[in-house]
Amino acid sequence: MSLKVLILAWWSGTRLWPLSRKNYPKQFVKLKEFDNISFFEKCVARANKITDLSNIYIVTNKEYKFHCMNQSNIDEKNIIIESQAKNTLWAISLWIELWHNDDIYLILSSDHIIKDEEIFVEMINKSIYDAQNSIITFWIKPTKPHTWYWYINFNTKWNYPYKVINFKEKPDEITAIQYIDNWYYWNAWIFMFSKKIFLEEIEKNNKNYFELIKNWASKNFEQLPDLSIDYWLLEKSNNIKITPLDIYWNDLWGFEAFLEYFNENNIKNDYSNIWWENNFLIQTNNNKEVAFIWIDNLIVIDTKDALLISKKWETSKVKNILEQLKEKNKYQTDYWITVYRPWWSYTIIDEWKTFKTKRLTVLPWKKLSSQMHHHRSEHWVVVSGTAKITLNDKEILLSKWESTYIPIWTTHRLENVGKIDLHIIESQIWDYLEEDDIIRFDDIYGRC
């Protein structure tokens, strides 16, 4: 009986706008405060301490698939694509039903911060035996009466691992204080079980949904109801046991959680101030100086194309800001000024009504689609690396500081044929410069 790990990597991260965008959510963002390593990368490395890469699987969507591939060495066949987000019960069921043998399955989230990973790995390994007969969840000792986390009540009269009595969802502060006084603990949203136990508990507690899983047909995935494993299994099952994790854990649910992490780990904010120091700043544009004068208790998130300023403990209202931006069709709801593609990214440097300048970064041995534009011409200048460019039926190689011109209605393709990243400055000129002016003829990423 082997251990397989599933990493859930389709969180949209809307509570962390503008740091997180729909097409580049928080699990893939790299910040200097976290050593420029994404939370997803940290999760994969953590899972790799428990088992080898061939036993690590990722459930995500088609938009995030290439983030997963570019930020890990997970084989493409181990990346499972949901045709539509249907919450955690179906994401886990979809993966579980791929297997005919009764292995042990560990479920991890791609956006958690965990320290003391040696202890984490040790406790996972110690719980494998009990996961053959029960659903195992893991608890964290609360550090404060938090209103965002789920709480667990368990019976210490049972032998270890302790039997869960019930789960309590996101209480108010007074209730959270009562929970902590009565020795409730935080649910770390890390689960482990065998396929046999998982299906038995689904059948016992939700017979109709068990039939859907048993007669699984991915073509009907869009018709499934939106169900979480918390509500539709964990809260109903009488066969859940709990294992302690005496480690630092944070699921970074919002900017206040970032602030907690910074304070608990003595990470200092880099800003100038006069008189007041009780502010919190995250910057992705390190060339900009930010100063605070006579203001206090602010959270400031500064990116190249959006700025959020909020009172502390009010950032949950960012969802209302997003609704307003969506009504105005603002691109900042979905994209950064840097937009990520399967071949890597482009960054908008400058734009006006009749021109747009971008910096393209193409990873080694990656290539863009073969495409054509009806409303713009382009000029490419290589600033680093070696580019193979196809213009209609002609192929050319360009090195550093060399350039070429792509006329309107010309079929063209860009490819990095070197071992280092390819950087191109692209200048677009014409009367329409939006991304939907792309006619693809061939694309190795299936976007035609």
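The values are calculated or read from the model by the stated rules, or taken from the named source; none is laboratory data. A quick note: this is a predicted structure, and the numbers were derived from the prediction, not measured. As a convention, Cβ positions derive from the backbone with ideal geometry for all residues, glycine included, and neighbour counts pool all protein chains shown.
If you filter region 392-403 down to residues that are in a strand (DSSP E or B) and under 37 Å from the mean Cα position of the chain (by Cα), you find that the one that is surrounded by the most Cβ atoms within 10 Å (Cβ to Cβ) is 398. The set of residues in region 268-293 being assigned to a strand (DSSP E or B), at pLDDT 70 or above and not polar (S, T, N, Q) consists of 280, 281, 282, 291, 292, 293. Scanning region 334-344 for residues that are in contact with a His (Cβ under 8 Å, 6 or more places away or on another chain) and surrounded by fewer than 17 Cβ atoms within 10 Å (Cβ to Cβ) returns no hits. Each residue in region 433-448 was checked for being within 22 Å of residue 358 (Cα to Cα) and out of contact with any Lys or Arg (no Cβ under 7 Å at 6 or more places or on another chain), and 7 of them qualify. If residue 138 meets every condition in (1) under 25 Å from residue 168 (Cβ atoms); (2) more than 19 Å from the chain's Cα centre (by Cα); (3) touching a residue at least 40 places away in the same chain (Cβ under 8 Å); (4) surrounded by fewer than 18 Cβ atoms within 10 Å (Cβ to Cβ) apart from one, which number is that one? Residue 138 satisfies all of (1) under 25 Å from residue 168 (Cβ atoms); (2) more than 19 Å from the chain's Cα centre (by Cα); (3) touching a residue at least 40 places away in the same chain (Cβ under 8 Å); (4) surrounded by fewer than 18 Cβ atoms within 10 Å (Cβ to Cβ) except (4). Please go through region 38-60 and pick out each residue that is of a type in the set (D, E, K, R) and crowded, with 17+ Cβ neighbours inside 10 Å. Scanning region 38-60 gives 41, 42, 46. Might you check whether a residue that is more than 26 Å from residue 257 (Cβ to Cβ) and surrounded by fewer than 22 Cβ atoms within 10 Å (Cβ to Cβ) occurs anywhere in region 21-37? For region 21-37, residues more than 26 Å from residue 257 (Cβ to Cβ) and surrounded by fewer than 22 Cβ atoms within 10 Å (Cβ to Cβ): absent. Total residues in region 96-141 satisfying the condition of being of a type in the set (A, V, I, L, M) and either assigned to a helix (DSSP H, G or I) or not assigned by TED's automatic domain parsing to the domain that holds residue 51 (or both): the figure is 6.
For region 179-199, a tally of residues being in contact (Cβ under 8 Å) with a residue 40 or more places away in the chain and either closer than 14 Å to residue 165 by Cα or among the acidic types (Asp, Glu) (or both) returns 4.
Screening residue 106 against (1) within 24 Å of residue 230 (Cβ to Cβ); (2) surrounded by fewer than 22 Cβ atoms within 10 Å (Cβ to Cβ) leaves a single unmet condition, (2).
For region 247-263, which residues satisfy the criterion of being touching a strand residue (DSSP E or B) at 6+ places or on another chain (Cβ under 8 Å), of a type in the set (Phe, Trp, Tyr) and either modelled with pLDDT under 85 or not in a helix (DSSP H, G or I) (or both)? 248, 249 - these are the residues of region 247-263 that are touching a strand residue (DSSP E or B) at 6+ places or on another chain (Cβ under 8 Å), of a type in the set (Phe, Trp, Tyr) and either modelled with pLDDT under 85 or not in a helix (DSSP H, G or I) (or both).
Got at least one residue in region 382-391 being more than 22 Å from residue 348 (Cβ to Cβ), in the same structural domain as residue 349 (by TED's automatic domain parsing) and assigned to a loop (DSSP other than H, G, I, E, B)? Yes, region 382-391 has at least one match. Can you confirm whether region 309-332 contains a residue that is over 15 Å from residue 433 (Cβ atoms), in a strand (DSSP E or B) and without any contact (Cβ under 8 Å) to a residue 12 or more places away in the chain? Yes. Using the structure shown, decide if residue 209 is part of a helix (DSSP H, G or I), modelled with pLDDT under 80 and over 21 Å from residue 108 (Cα atoms). Yes. Of all residues in region 168-200, those satisfying the criterion of being among the aromatic types (Phe, Trp, Tyr) and either buried (at least 19 other Cβ atoms within 10 Å of the Cβ) or over 22 Å from residue 249 (Cα atoms) (or both) are 179, 184, 185, 186, 189, 191, 193, 198. Looking only at region 212-246, filter to residues that are in a loop (DSSP other than H, G, I, E, B) and of a type in the set (A, V, I, L, M, F, W, C); which one of those is modelled with the highest pLDDT? Restricting to residues being in a loop (DSSP other than H, G, I, E, B) and of a type in the set (A, V, I, L, M, F, W, C), the top hit is 245. Considered as a group, the residues in region 345-376 that are among the hydrophobic types (A, V, I, L, M, F, W, C) and crowded, with 20+ Cβ neighbours inside 10 Å include one that is farthest from residue 437 (Cα to Cα), and that residue is 362. When you scan region 408-420, do you find a residue that is exposed (fewer than 15 other Cβ atoms within 10 Å of the Cβ), more than 14 Å from residue 362 (Cβ to Cβ) and not polar (S, T, N, Q), even just one? Among the residues of region 408-420, at least one is exposed (fewer than 15 other Cβ atoms within 10 Å of the Cβ), more than 14 Å from residue 362 (Cβ to Cβ) and not polar (S, T, N, Q), which makes the answer yes. Are any residues in region 10-28 within 17 Å of residue 60 (Cβ to Cβ), in contact (Cβ under 8 Å) with a residue 12 or more places away in the chain and either part of a loop (DSSP other than H, G, I, E, B) or of a type in the set (A, V, I, L, M) (or both), and if so, which ones? Across region 10-28, the qualifying residues are 10, 11, 12, 13, 22, 23, 25. Listed by first and then second residue, the pairs linking a residue in region 376-403 that is among the basic types (Lys, Arg) to a residue that is assigned to a strand (DSSP E or B), with Cβ atoms under 6 Å apart and 6 or more places separating them unless they lie on different chains, are 376/428; 376/430; 388/397; 388/415; 400/382.
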